[in-house]
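Report on one structure; see the data block that follows.
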Amino acid sequence: MSLDNKILSVRKEGLYCEAGDFYIDPRGHTKRAVITHAHSDHARVGHRNYLCSDPCKSLLQTRIGSKNNIESIPFGEKKAIGNALVSFHPAGHILGSAQIRIEVNGRIWVVSGDYKPQKDRTCESFELVPCHGFISECTFGLPVYQWQPEEKIHQKINHWWDKNKKDDHGSMLFAYSLGKAQRVLGGLDSNIGPIYAHSAVHSFLDHYRNAGVHLPEVKKVNGEKNFSGAIVIAPPAVEDSSWTRKFRNVKIGFASGWMAIRGQRRRKNFDRGFVLSDHADWKGLVDVISGTGAEIVKLTHGNGDALSRFLTEEGINTSVLNQSVFEREELE
Ligand SMILES: [Zn+2]
Ligand SMILES: [Zn+2]
């Protein structure tokens, strides 16, 4: 077996490091799970031991329960596991999100997890980690995906909210409950009106505040009737539910990278879509992947065909990992 295969291979539970006998973001039941970040498609219950970055720990406890055996280490610190040296490096995706660097006999692989090099005031900045092999997500791996700076999107959201207020409407904005919602909240102008959040969003706010992230005052939705002039941030999971239907006279918006696709908004009956993603866009993917200097690249989380072709033409040995093991990001 080659050294690269001892560092990382694909099993039915997910990515496996034989040199250290651990899995990354696995499903099923394993002895040791090394976790990139606290999103539910990466952090699952059922493992005997967990390892994550320090700022991820409290989010992971909230996600999978504090009775689990969760160990954490600071970003950048190397920990020996079997014959592997493991360290976490900021991925810029959500608070505490990490890329995982694995070094065995001087050979270095990095598993990106979900990442974005774009600026985000609510999480640690992405760190470029030089490596021989890079496993990259490619959720938005097509050239049509090009993000605008986040300030621009925050401005558009505030403008939409203000206009709705002037028209005597409330504003209901859907955003993924962990990460995206806090990023949206961090950009809201509280001079416009009161800010509310669904409990699923609200439950993560203290984690962000404790990490030093500035957020405006946010009230938990609690039986109020009149939201005229207010904005409510809620998870997409409740979009088609009785919880949402009880709000009258509100305009509906959605903040997601998927809003870049024409038709998504109409299909779902949103009044307004905001293209705000916590994943890298096409240029972000290409810049990061070439920036690592990796000679071998494997793509996960998305249709990697276009990116794989592009990188191969650039002379990088690129392939797409078996998609059945890695789910697509549904709502980011
Ligand atoms: Zn994620
Ligand atoms: Zn993901």
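A few remarks follow.
- Counting the residues of the stretch 125-144 that are away from ligand 1 (no atom under 16 Å from the Cβ) and touching a residue at least 60 places away in the same chain (Cβ under 8 Å) gives 10.
- Among residues of the stretch 93-115 that are in contact (Cβ under 8 Å) with a residue 60 or more places away in the chain, those with a beta-carbon under 9 Å from a residue that is within 16 Å of ligand 1 (Cβ to nearest atom) and of a type in the set (Lys, Arg) at least six positions away or on a different chain give the pairs His93/Lys116; Ile94/Lys180; Ile94/Arg183.
- Within the stretch 3-57, the only residue that satisfies the criterion of being modelled with pLDDT of 95 or more, within 21 Å of Ala181 (Cα to Cα) and among the polar types (S, T, N, Q) is Thr36.
- Residue within the stretch 93-111 that is assigned to a loop (DSSP other than H, G, I, E, B) and either away from ligand 1 (no atom under 16 Å from the Cβ) or of a type in the set (Phe, Trp, Tyr) (or both) present: yes
- Identity of the residue in the stretch 34-85, of a type in the set (Ser, Thr, Tyr) and in a helix (DSSP H, G or I), that ends up farthest from ligand 2 (Cβ to nearest atom): Ser58
- Checklist (1) at pLDDT 90 or above; (2) closer than 21 Å to Pro117 by Cα applied to Pro236, failing item: (2)
- Here is the figure for the stretch 9-18: residues that are surrounded by fewer than 23 Cβ atoms within 10 Å (Cβ to Cβ), in contact (Cβ under 8 Å) with a residue 12 or more places away in the chain and either more than 16 Å from ligand 1 (Cβ to nearest atom) or not in a strand (DSSP E or B) (or both) total 5.
- For Ile64, the stated conditions hold: it is at pLDDT below 95, in contact with a strand residue (DSSP E or B) (Cβ under 9 Å, 6 or more places away or on another chain) and surrounded by fewer than 23 Cβ atoms within 10 Å (Cβ to Cβ).
- Residues of the stretch 229-249 classified as crowded, with 16+ Cβ neighbours inside 10 Å and not in a helix (DSSP H, G or I), total: 9
The values are calculated or read from the model by the stated rules, or taken from the named source; none is laboratory data. Remember, it's a predicted structure, so these values are computed and weren't measured experimentally. Note that each Cβ is placed from the backbone with ideal geometry, even for glycine, and that neighbours are counted across all protein chains shown.
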